[in-house]
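This report refers to the structure that appears directly beneath it.
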Number of protein chains: 2
Amino acid sequence: MIRKLESVFTLTDDERQALETLPMQVQVIKADQDVVREGDRPSRSCLILSGFACTYKMTAQGKRQIVSFNLPGDIPDLQSLHLKVLDNSISTISQCRVGFITHETLWDLCIRHPRIAAAFWRETLIDASIFREWVLNVGRREGISRMAHVLCELVVRLRAVDLVEDHACDLPITQGEFADALGFTTVHVNRVLQQMRAEGLIELSGDRLNIPDWDRLKQMGEFDPTYLHLESDQAAA
Amino acid sequence: MIRKLESVFTLTDDERQALETLPMQVQVIKADQDVVREGDRPSRSCLILSGFACTYKMTAQGKRQIVSFNLPGDIPDLQSLHLKVLDNSISTISQCRVGFITHETLWDLCIRHPRIAAAFWRETLIDASIFREWVLNVGRREGISRMAHVLCELVVRLRAVDLVEDHACDLPITQGEFADALGFTTVHVNRVLQQMRAEGLIELSGDRLNIPDWDRLKQMGEFDPTYLHLESDQAAA
DNA sequence: CGAAGCATTGATCGTCGTCAAACAATGTGG
DNA sequence: CCACATTGTTTGACGACGATCAATGCTTCG
């Protein structure tokens, strides 16, 4: 999974070796558990090895906003390498295998392999790009478009880590979690999804998503994958 | 203005010199002009020397969403150093003095001065943090809170670059621009502002903002400046 | 003085929130 | 194996926040 990095540029043997032998503490975490919390001053970052997680923040009123979904291969709190105190929490959505890597070893890696450091920087920039797109999505798109857009993003990102077969994939995200990601209520998400099903845009039941007509969904979500800055452009598929 | 960097750590003479002699092409740009556009593949980044700018994206429907305000000292497209194609546009809000620095010289700077590279990385991480907060703001806060929050952010960031006297500052942002930043319409922004004025939360007329009761505004906006990751905590003031 | 841009106001409409309940699926323990 | 607890989905009625449409002021500036 770490080989997401490899898609950006070809690693030297040296670099690959450094990554493969990266010391990390692997932990299995149940669904719906905080991995790190806003306000923490972590001394390590976490790499999602399997499962779905999310980055979120809370208002003073106790409302939750998910600002990003974290998929296998992501390091959602890589930022903590430079920013001492975390300004968001990270929670699992499904059960996850998480690898914890100390900042010390990450620093070491960056100093020894400048190109890996650059790749890490790049990763955080793509995260930022995704946040920007989400501001647009939440601020200016409504109902079906908004939902369609995150679905498109999820599918494209899942495809990039090889978790989409054909036009279907596992999607262990509840309607309540979608609501927190979209700035909606659960009730509204439910109604939007029903309308999308009725219009044949998606087939979604349980943990399984199927996309009968990718082009139409893309169009509904005004989805242009440029902002994900993927190298191989899997978006066409 | 570049000395925003200096607030993070003390520069060596060498580093300071490198920054002060940084070759850049300075240009004065009128209000409401695009500096760079989504889709561009820029070979240089822009440093805001004076004036207000903003980063924005558009929906296919032609609706605009501002995802960030750019203040003097910011380098809003530093990301283009690593991401070839821009996924957002940048426009001036007021007249701006902008310094263009080629990627070449930036790379050179980063290689020669790793601590400056780290500081740049850090800057982009703070940008990301601001985007996250905006997702929360746009997704989960309404009316007055939403408005109060961006006002708080603006004041704190302006104070960090010494553009706030007492409790007042220049704020050349139109209601239409606020609307695009908040995901509202101009009409609604107008009504929210009037209510805030009526409640004595702000005094805003023309380009001038005055904050009679900072604590109350902070409270209304649920504003906690942690996410800005400022070193000296000017937030108390 | 007229034009352009911005702020303001009013009336009406719609997306989405709130509240409340019922239903389905899953899993646990007696 | 069934009771029942838990979690997620679905439905309905109603209300509100904010959008839309359309004028009307108010500045500023050439």
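Throughout, read-outs are computed from the coordinates displayed, never taken from laboratory work. Source: prediction; values computed, not measured. Don't worry about glycine lacking a Cβ; one is built from the backbone with ideal geometry, like all the others, and counts go over all protein chains shown.
Using 7 Å Cα-to-Cβ label points, what is the A:Asp108/B:Ile111 separation (nm, one decimal)?
Spacing of the two 7 Å Cα→Cβ label points: 2.7 nm.
Using the Karplus equation 6.51 cos²θ - 1.76 cosθ + 1.60 (θ = phi - 60°), what ³J(HN,Hα) coupling, rounded to whole Hz, does each residue of the range A:66-81 give in order, writing x for Gly and Pro?
7, 9, 5, 8, 10, 10, x, x, 7, 10, x, 10, 4, 3, 5, 5
Once the Cα atoms of helix B:103-112 and of chain B are each reduced to a long axis, what angle between those two axes, in degrees from 0 to 90 to the nearest 10, is obtained?
70 degrees
Helix B:186-198 against the longest principal axis of chain B: what's the angle in degrees, Cα atoms only, rounded to the nearest 10?
70 degrees
Measuring from a point 7 Å past the Cα of A:His188 along Cα-to-C-beta, which residues in the range B:51-77 have an amide N at less than 16 Å?
Under 16 Å, as judged by backbone N against the label point of A:His188, lies no residue of the range B:51-77.
What residue among B:Pro114, B:Ala18, A:Ile173 has its Cα farthest toward the positive end of the dipole of the protein assembly as shown, where the charges are +1 on Lys, Arg and -1 on Asp, Glu, each on the Cβ?
Projecting each Cα onto the dipole axis, the largest value belongs to A:Ile173.
Based on the Cβ-Cβ distance from A:Asp13 to A:Gln95, what FRET efficiency comes out when R0 is 45 Å, to the nearest 0.05?
0.85
Could you check the simple spin-label distance between A:Asp170 and A:Lys63, using points 7 Å along Cα→Cβ, in nm with one decimal?
3.3 nm
State the extension gain, in nm to one decimal, for the chain segment bounded by B:Glu142 and B:Gln33, taking 0.36 nm per residue of separation less the distance between their alpha-carbons. Write out the running numbers ahead of the final one.
Numbers: separation 109, 0.36 × 109 = 39.24 nm, distance 2.99 nm.
Between B:Glu142 and B:Gln33, full extension yields an extra 36.3 nm.
May I ask you to derive the relative contact order of chain B, considering only C-alpha pairs under 8 Å and at least 6 residues apart, and to give it as an integer percent? The partial results should precede the final answer.
Values: 368 pairs, mean separation 48.5, N = 237.
Relative contact order comes out at 20 percent.
Regarding chain B, what whole-number volume in Å³ per residue does the convex hull of its Cα atoms give?
Cα-based convex hull of chain B, divided per residue, equals 119 Å³.
Charges at C-beta only: +1 for Lys and Arg, -1 for Asp and Glu. How large is the resulting dipole of the protein assembly as shown about its Cα centre, in Debye rounded to 20?
Charge dipole of the protein assembly as shown: 640 debye, to the nearest 20.
In whole percent, what relative contact order does the range B:141-236 give with Cα contacts below 8 Å and a gap of six or more residues?
Taking the mean separation of contacting Cα pairs over the length of the range B:141-236, I get 38 percent.
Order these peptides, A:162-168, B:87-93, by their mean beta-carbon neighbour count within 10 angstrom, highest first.
Ranked from most to least packed, the peptides come out as B:87-93, A:162-168.
For the range A:3-116, what is the charge dipole size about the Cα centre, in debye to the nearest 20, if Lys and Arg each add +1 at the Cβ and Asp and Glu each add -1 at the Cβ?
Using Cβ point charges on Lys, Arg, Asp and Glu, the range A:3-116 gives about 340 debye.
Over the protein assembly as shown, what portion of Cα pair distances is larger than 38 Å, expressed as a whole percent?
In whole percent, the share of Cα-Cα pairs in the protein assembly as shown beyond 38 Å is 22.
Return a whole-number percent for the relative contact order of the range A:2-132, with Cα pairs under 8 Å and 6 or more residues apart as the contact set.
34 percent
For a test of the definition: using alpha carbon positions, the gyration tensor, and the 1.5 limit on a/c, classify the range B:141-236 as rounded, prolate or oblate.
prolate
What angle do you read, to the nearest 10 degrees and between 0 and 90, between the alpha-carbon axis of helix A:114-140 and the longest principal axis of chain A?
20 degrees
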